[in-house]
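In what follows, a structure is listed as structure tokens, so that the remarks can point back to it.
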Amino acid sequence: MRFLGNIEAKVDAKGRIFLPAAFRKVMQSLGEGQVVVRKDAFQDCLVIYPESVWNDQVDALRMRLNRWNKQHQQIYRQFVSDVEVITLDASGRLLLSRRSLEKVGIQSQVRFLGVGDTIEIWAADDSSGPYMDEEEFGKALESLMQGD
């Protein structure tokens, strides 16, 4: 499963957003009807996990955590409880809660980014955005690919 692309869209007054057609096709081809949405742990964006990807992520997290460690339990609890389980409507729209939209500063315009097995939703007017500057990106990529 690969979600790729950078697509802008609008949020309506009720918090509904059309999932871009390219992403809907990937979801439909895999028979995914539900998604899990949560705020990214590191940046101000929402992450859409197809249900199967979410389940794999939760299983991987649980395997790394000790149920008898207080901090581990708090991490797990926070990760799995602060989510929305959403079924796409017949028109291919997501209904996001006002709370989720406000957490990441989304008002009326969004940017969908396909990032492999998940989709990120960013405020379209976020000047800090999801990217590093081009020079920094080039250097980081070079270093990573050379194994430094």
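Across region 47-70, what is the total count of residues that are in contact with an Asp or Glu (Cβ under 7 Å, 6 or more places away or on another chain) and either in contact (Cβ under 8 Å) with a residue 60 or more places away in the chain or closer than 16 Å to R99 by Cα (or both)? Explain how you work it out, then say what you get.
Kept after step one, since they are in contact with an Asp or Glu (Cβ under 7 Å, 6 or more places away or on another chain), are these residues of region 47-70: 47, 50-53.
Checking which are either in contact (Cβ under 8 Å) with a residue 60 or more places away in the chain or closer than 16 Å to R99 by Cα (or both) leaves us with 47, 50, 53.
Residues flagged as in contact with an Asp or Glu (Cβ under 7 Å, 6 or more places away or on another chain) and either in contact (Cβ under 8 Å) with a residue 60 or more places away in the chain or closer than 16 Å to R99 by Cα (or both) within region 47-70 amount to 3.
May I ask you to list the residues in region 95-116 that are of a type outside the set (G, A, S), touching a residue at least 12 places away in the same chain (Cβ under 8 Å) and open to solvent by 60 Å² or more (accessible area, probe 1.4 Å)? Listed by number, the residues that qualify are L95, R98, K103, Q107, Q109, V115. Considering the conditions (1) modelled with pLDDT under 90; (2) surrounded by 16 or more Cβ atoms within 10 Å (Cβ to Cβ); (3) of a type outside the set (F, W, Y), K139 is excluded by exactly one of them, (2). Could you check, for region 19-28, whether at least one of its residues is part of a loop (DSSP other than H, G, I, E, B), open to solvent by 40 Å² or more (accessible area, probe 1.4 Å) and either touching a residue at least 24 places away in the same chain (Cβ under 8 Å) or not β-branched (V, I, T) (or both)? No: zero hits. Anything in region 29-46 that is hydrophobic (A, V, I, L, M, F, W, C) and in contact (Cβ under 8 Å) with a residue 40 or more places away in the chain? List them, or say none. Once the filter is applied, which keeps residues that are hydrophobic (A, V, I, L, M, F, W, C) and in contact (Cβ under 8 Å) with a residue 40 or more places away in the chain, region 29-46 yields V35, V36, V37, C45, L46.
Taking region 2-18, which residues are open to solvent by less than 90 Å² (accessible area, probe 1.4 Å) and in a strand (DSSP E or B)?
Selection gives F3, G5, N6, I7, A9, V11, R16, I17.
Within the bounds of region 62-78, is there any residue that is at pLDDT below 95, open to solvent by less than 70 Å² (accessible area, probe 1.4 Å) and within 23 Å of W122 (Cα to Cα)? No, region 62-78 contains no residue that is at pLDDT below 95, open to solvent by less than 70 Å² (accessible area, probe 1.4 Å) and within 23 Å of W122 (Cα to Cα). For region 29-44, a residue qualifies if it is open to solvent by less than 40 Å² (accessible area, probe 1.4 Å) and either part of a strand (DSSP E or B) or basic (K, R) (or both), and the qualifying residues are V35, V36, V37, R38. When each of I86, I75 is tested for being under 14 Å from A41 (Cβ atoms) and not aromatic (F, W, Y), the lone residue that passes is I75. Would you say V58 is aliphatic (A, V, I, L, M), at pLDDT 95 or above and either in a helix (DSSP H, G or I) or over 11 Å from the mean Cα position of the chain (by Cα) (or both)? Considered against the rule, which asks whether it is aliphatic (A, V, I, L, M), at pLDDT 95 or above and either in a helix (DSSP H, G or I) or over 11 Å from the mean Cα position of the chain (by Cα) (or both), V58 comes out as yes.
So, restricting to strands (runs of 3 or more DSSP E) that lie completely within region 71-148, which ones have at least 1 residues that are of a type outside the set (V, I, T) and in contact with an Asp or Glu (Cβ under 8 Å, 6 or more places away or on another chain)? Before you say what the answer is, go through the steps one by one.
Details: elements: 83-87, 93-95, 109-116, 118-123.
Once the strands (runs of 3 or more DSSP E) in region 71-148 are filtered for at least 1 residues that are of a type outside the set (V, I, T) and in contact with an Asp or Glu (Cβ under 8 Å, 6 or more places away or on another chain), what remains is 93-95, 109-116, 118-123.
The values are calculated or read from the model by the stated rules, or taken from the named source; none is laboratory data. Computed from a predicted model, the values in this text were never measured in an experiment. So basically every Cβ, Gly included, is an ideal-geometry build from the backbone, and we count neighbours across all protein chains shown. These accessible areas exclude ligands, DNA and RNA; they are computed on the full protein's heavy atoms, side chains included. Shrake-Rupley method; radii C 1.70, N 1.55, O 1.52, S 1.80 Å.
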